[in-house]
């Protein structure tokens with residue numbers, strides 16, 4: 001059983017879908033905990049991992065957006081503030097999407113047509129180079145009347161069901177860590 005921690009509920013819901021797809025098992029048991037930001041996750045994450053362990057989880061995924069081009073500082077923060085104090089085994093993966101998790105959606109933005117049938121987005125070749133993928137997605141998805149149609153809290157999980165995982169792996173090296181861990 002997996003235990004997934006993330007900065008917010010939409011990230012863990014999206015990861016839950018992706019892990020099940022990568023494992024090719026829709027019934028894979030997964031426990032999740034999303035926080036209201038990285039500060040809260042860093043403060044409470046170790047305790048939550050111990051709770052997951054007591055609930056029978058044996059594999060752990062902790063997701064913390066890089067919020068920039070270099071994932072290493074945030075990976076080290078997770079290791080220092082969550083992994084070490086939690087005393088969990090070595091069976092964990094620290095997933096640090098370059099910029100934000102939404103870069104993975106931008107890697108296969110064409111999948112958005114499964115959610116927004118009238119919208120025909122063009123491919124994005126280097127989604128990890130976009131400074132704020134979530135904001136970029138919001139701008140791309142505006143209707144002609146400037147009304148938003150994309151809400152990450154609703155649509156990320158829905159789009160994750162349609163993403164081409166091989167395309168994300170090619171375009172987003174940070175995704176490969178999750179892919180390798182689940183495989």
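Please determine whether any residue of region 4-21 is in contact (Cβ under 8 Å) with a residue 24 or more places away in the chain, at positive phi and out of contact with any helix residue (DSSP H, G or I) (no Cβ under 8 Å at 6 or more places or on another chain). Within region 4-21, not a single residue is in contact (Cβ under 8 Å) with a residue 24 or more places away in the chain, at positive phi and out of contact with any helix residue (DSSP H, G or I) (no Cβ under 8 Å at 6 or more places or on another chain).
Restricting attention to region 130-141, the residues that are part of a loop (DSSP other than H, G, I, E, B) and surrounded by 13 or more Cβ atoms within 10 Å (Cβ to Cβ) total 3. In summary, residue 77 fulfils each of the numbered conditions (1) assigned by TED's automatic domain parsing to the domain that holds residue 9; (2) within 16 Å of the chain's Cα centre (by Cα); (3) touching a residue at least 12 places away in the same chain (Cβ under 8 Å) with the single exception of condition (2). Checked against the criterion of being in contact (Cβ under 8 Å) with a residue 60 or more places away in the chain and either more than 17 Å from the chain's Cα centre (by Cα) or over 19 Å from residue 70 (Cα atoms) (or both), region 108-125 contains one or more residues that satisfy it.
This table checks each residue for (1) modelled with pLDDT of 95 or more; (2) crowded, with 18+ Cβ neighbours inside 10 Å.
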{"position": "52", "(1), (2)": "yes, yes"}
{"position": "87", "(1), (2)": "no, no"}
{"position": "91", "(1), (2)": "no, no"}
{"position": "111", "(1), (2)": "no, yes"}
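Would you mind stating whether residue 60 is touching a strand residue (DSSP E or B) at 6+ places or on another chain (Cβ under 7 Å) and farther than 27 Å from residue 162 by Cβ? No; evaluated as a whole, the condition is false for this residue. Of the residues making up region 117-129, at least one is in a helix (DSSP H, G or I), outside the structural domain of residue 25 (by TED's automatic domain parsing) and either buried (at least 17 other Cβ atoms within 10 Å of the Cβ) or in contact with a strand residue (DSSP E or B) (Cβ under 6 Å, 6 or more places away or on another chain) (or both). Quick test of your reading of the structure: residue 84 fulfils all but one of (1) closer than 20 Å to residue 152 by Cα; (2) free of Cβ contacts under 8 Å to residues at least 40 places away in the same chain. Name the failing condition by number. Here residue 84 clears every test but (1). Note on region 52-71: residues that are more than 16 Å from residue 99 (Cα to Cα), more than 11 Å from the chain's Cα centre (by Cα) and touching a residue at least 24 places away in the same chain (Cβ under 8 Å) amount to 8. Considering 95, 78, the condition of being within 19 Å of residue 41 (Cα to Cα), surrounded by 18 or more Cβ atoms within 10 Å (Cβ to Cβ) and touching a helix residue (DSSP H, G or I) at 6+ places or on another chain (Cβ under 6 Å) is satisfied by 95 alone.
The values are calculated or read from the model by the stated rules, or taken from the named source; none is laboratory data. The model shown is predicted, which means the values in this text are computed figures rather than measured ones. Neighbour counts run over all protein chains shown; Cβ positions are idealised from the backbone, glycine included.
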